[in-house]
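Structure, as structure tokens:
The values are calculated or read from the model by the stated rules, or taken from the named source; none is laboratory data. Since this is a predicted model, take the numbers as computed values, not measurements. No Cβ is skipped: glycine too gets one built from the backbone with ideal geometry, and neighbour counts run over all protein chains shown. Ligands, DNA and RNA are excluded from the accessible area calculation, which covers all protein heavy atoms including side chains. Shrake-Rupley method; radii C 1.70, N 1.55, O 1.52, S 1.80 Å.
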Amino acid sequence: MSSTEKRASHTSPQAAGQPSLVDPPERAIFEGQSEDLLSDRLARQIRISILRGDNPAGSRLNLDEMKGRYDVSLSPLREALSRLTAEGFVRFEAKRGFRVSEMSGANLGEITTIRRLCEPVAIRESVLHGDDDWEERVAAAAHMLGKRVAAEPSPISAAEWESAHRKFHLAVLSGCGMPMLMHFCSTLMDLQDRYRLQLAKGGAYSRRADGEHLALLDACLTRNAKLAEKLALEHIDRTHQELIAAMSGTPLPVAKPRAGARRRKS
């Protein structure tokens, strides 16, 4: 790896002084996988940029511009974008290149349906088989989320809440002992957070669900797997319902047509 590419791991995707709205924890490392590939870090940076809406839905991803922005060569950039394509954040069109995936009620519904299938399994296995370290992770994550809830509203505290919120939900799932399931759950959270973050940025969505988080915490620590599954499903459903309601009143940002582009006559 060149010294230029090594610097990419320290390149912040946001402008100086602008807090990141979300900063997902590192993904699970599977057996035989490198722990610190440049393409891993690059995919993480691009994913955060898409989550924040820096790259609008449907917008073309210019590889030459991205090479300069992230200070990397073409090979790790293509690998990162291929990974994001598999996860659903980017789509590839033959002869047209990579584009940011579209956002729609149908897409959000599909994400929610798959979350409803995956997360209850992870929560049930965590509650039934999680060890003392799992309990400590869940309790510590809930404590940090509570501190962020109590903080005065500000751009910085909002960014900290996003990080604490995500870490709490992943901590709850982390005792399942299934790295692949954790990876799927983390990706689905990212895909839904894309909607939530962009709607919240425009002021159309402000749900925090503090009581639901506390109830889920109590179900986990009392080892009530059936209740934890039920609460998780209700939490997912309520979030989906409010996101759909917010989308009906606030259009999501999409890529603007190129200036001067004309539609061909049939």
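In this rough spin-label picture, where each label sits 7 Å from Cα along the Cβ direction, the Glu234-Arg124 distance is 1.9 nm.
Label separation (Arg69 vs Lys201): 1.1 nm, computed from points 7 Å beyond Cα along the C-beta direction. Annotation: per residue accessible area for region 116-239 equals 46 Å², rounded to a whole number [probe 1.4 Å, protein chains only]. Counting 0.36 nm for each residue step from Lys226 to Asp54 and taking away their Cα separation leaves a gain of 57.9 nm.
Here Glu102 and Asp132 are evaluated by their C-beta separation; at R0 = 51 Å the FRET efficiency comes out at 0.70. When only alpha carbons are used to place a centre, region 191-251 and region 116-175 end up 13 Å from one another.
Taking the average, over residues, of other Cβ atoms within 10 Å as the packing measure, peptides 199-206, 134-141 rank 134-141, 199-206 from highest down.
Under the convention that each Lys and Arg Cβ holds +1 and each Asp and Glu Cβ holds -1, the size of the dipole of region 92-199 around its Cα centre is about 500 debye.
Since only Ala204, Ala159, Ala122 are under comparison, the one whose Cα sits farthest along the positive direction of the charge dipole of region 105-258, derived from C-beta charges on Lys, Arg, Asp and Glu, is Ala204.
A Förster radius of 22 Å, combined with the Cβ-Cβ distance separating Arg78 from Glu110, puts the computed FRET efficiency at roughly 0.25. Can you figure out the FRET efficiency of Ile244 with Ala150, using R₀ = 30 Å and their beta-carbon distance, to the nearest 0.05? About 0.55, to the nearest 0.05.
A straight chain from Ala86 to His143 at 0.36 nm per residue would run longer than the Cα-Cα distance by 17.1 nm.
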